[in-house]
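Let me begin by presenting the structure, written as C-alpha cells, before commenting on it.
What follows is calculated from the coordinates using simple rules that are stated; it is not laboratory data. As the structure is a computational prediction, the values presented were derived from the model and not from experiment. Cβ placement follows ideal geometry from the backbone for every residue including glycine, while neighbour counts extend to all protein chains displayed.
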C-alpha cells in the first residue's frame, strides 16, 4: 500500500544534505545537483507539485485539464501526467504526481537520452523529448520500482512515453483544481524530493 506523503516530508527535503543522496554537491550559482552512479550530475528540480489528499473529492478535473492541454484534446485519464487514485477501503482519493526526483530513476535508464532536465523555464523539470523517445518504456519500468502507479505513462497512439513537465513552470492542474488539493512549491536552491527521499511500496 502506498505510503502517504505529506507536505512536511517535502519541506524537510529542502534541508536534507548528503545523508539522503550520498553525494550532493554545489553546482553553479545556488543550483544543486545529485551525482548519479555513472558520475552524471543532475540538477535538482526547483519546482514541484505538493498534494493535500485530505481535500481531494475525486472529481478528476486535474486529469482532464492535463490530458486536454498536453495531448491535443485527447481527454482520457490514461494520458494525464498525474493520476487520481482511490483507496477503496477508506473511500479516500489522492492525486499521484511526479515528484521530480532528485535522483530520477527514469532519467538514468533512458537509452537514447530522451529524458532530460528542462532549463529554459527555470523549473529544471524532468521531461521527455518527443523527438528522441523510441517508446521502449524503460523509464516507466524504472519508476515503477519505487512508485505505484509509475508516473511516466505510455501514449499508445504515438508509441512514446509521456511524463509531467509541470507545464514548463506553470502547472495547469494546480490552477484548475477546484478544491485546492494541489499547490506549487519553488526553491531557488532546488528541491531535494522524490526518490530516494520518498519511496512508495
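Below are the figures for this structure:
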| item | result |
| --- | --- |
| Per-pair calculated FRET efficiency, R0 = 30 Å: residue 109 and residue 186 via Cβ, rounded to 0.05 | 0.60 |
| Sites residue 132 and residue 175 - FRET efficiency at Förster radius 41 Å, r taken between beta-carbons, to 0.05 | 0.90 |
| Förster-model FRET efficiency, 41 Å R0, residue 120 and residue 87, C-beta, rounded to 0.05 | 0.60 |
| Global form of the range 39-83, assessed from the alpha-carbon gyration tensor, a/c cut-off 1.5 | oblate |
| The range 97-136 shape via C-alpha gyration tensor axes, a/c threshold 1.5 | oblate |
| Peptide ranges 50-60, 85-95 listed from the most packed, as the mean C-beta count within 10 angstrom indicates | 50-60, 85-95 |
